[in-house]
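Report on the following structure.
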Amino acid sequence: MKTIITFFALFLISCSLFAQDKEAVPKVLEDQRLAWNRGDIDGFMQGYWKSDSLVFVGKDAPVYGWQKTIDRYKRGYPNKAAMGELTFDVMQVKVLDSTNAFVLGGWRLKREKDTPGGYFTLWFRKINGEWKIVCDHTS
């Protein structure tokens, strides 16, 4: 009986943690969106793993490393007008286990002269208790 109670307690704890993680992952994206819309690329980059092992795959070629990724963003979006207003459409959040999650979504920029957009797939890992994007494929 004691084993069943222990198992049930562990099950409830894991369900609670899973629910927290399922909410924490989209919060990273919301924090990024808010930073972007303030014109704060440094704040936007806080959602990414600050590591040379970060991978960003865009339309041109893969970029490896946090510093190279932020440099790419700053070259491509040199001011608030170029950044526009960002919106996300998160279509799917899958917490795969206690340290990995997958996100599928769309993005759109509203700028004075255009509204570019596309889709993204993100691999999140929980690193030191925080969810961080470790691989971003954005089209």
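All of the numbers you see were taken from the coordinates with simple rules; none came from a lab. Note that the structure is predicted; figures quoted are calculated from it, not measured. Neighbour counts are summed over all protein chains in view; Cβ atoms, including those assigned to glycine, are modelled from backbone coordinates with ideal geometry.
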**Q.** In Hz, Karplus ³J(HN,Hα) per residue of region 93-99 (6.51, -1.76, 1.60; θ = phi - 60°; x = Gly, Pro)
**A.** 10, 10, 7, 7, 7, 5, 10
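Taking R0 as 22 Å, what FRET efficiency do you get between K59 and K27 from their Cβ-Cβ distance, rounded to the nearest 0.05? Kindly include the intermediate steps, with their values, before the conclusion.
Numbers: r = 27 Å, r/R0 = 1.24.
The computed FRET efficiency comes out at 0.20.
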(Q) What is the angle, in °, between the Cα long axis of helix 2-37 and the longest principal axis of the Cα atoms in the chain? Nearest 10 is fine, range 0 to 90. (A) 10 degrees
Q: Quick one: what are the phi-derived ³J(HN,Hα) couplings along region 52-58, Karplus 6.51/-1.76/1.60 with θ = phi - 60°, whole Hz, x for glycine and proline?
A: 5, 8, 4, 10, 10, 10, x
Q. Given charges of +1 on the Cβ of Lys and Arg and -1 on the Cβ of Asp and Glu, with all other atoms neutral, how large is the dipole of the chain about its Cα centre, in debye to the nearest 20?
A. 100 debye
Q) Which links in K68/K126; K27/K74; K22/K68; K22/K59 stretch past 27 Å when you go from one Cα to the other? A) K22/K68; K22/K59
Q | Residue-averaged 222 nm ellipticity for the chain, from DSSP H runs of 4+ at -39500 (n - 2.57), nearest 500 | A | -12500 deg cm²/dmol
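Relative contact order for region 2-138: what is it in percent, counting Cα pairs under 8 Å that are at least 6 residues apart? Don't skip to the answer; put the middle values down first.
On the way: 226 pairs, mean separation 29.6, N = 137.
The value is 22 percent.
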Q: Could you tell me which of rounded, prolate or oblate describes the chain, using a ≥ b ≥ c as the square roots of the eigenvalues of the alpha-carbon gyration tensor, with rounded for a/c under 1.5 and, failing that, prolate when a/b is larger than b/c and oblate otherwise?
A: prolate
Q: Taking 7 Å along the Cα-to-C-beta vector as the label spot, tell me the V90-Q20 distance in nanometres, rounded to one decimal.
A: 1.7 nm
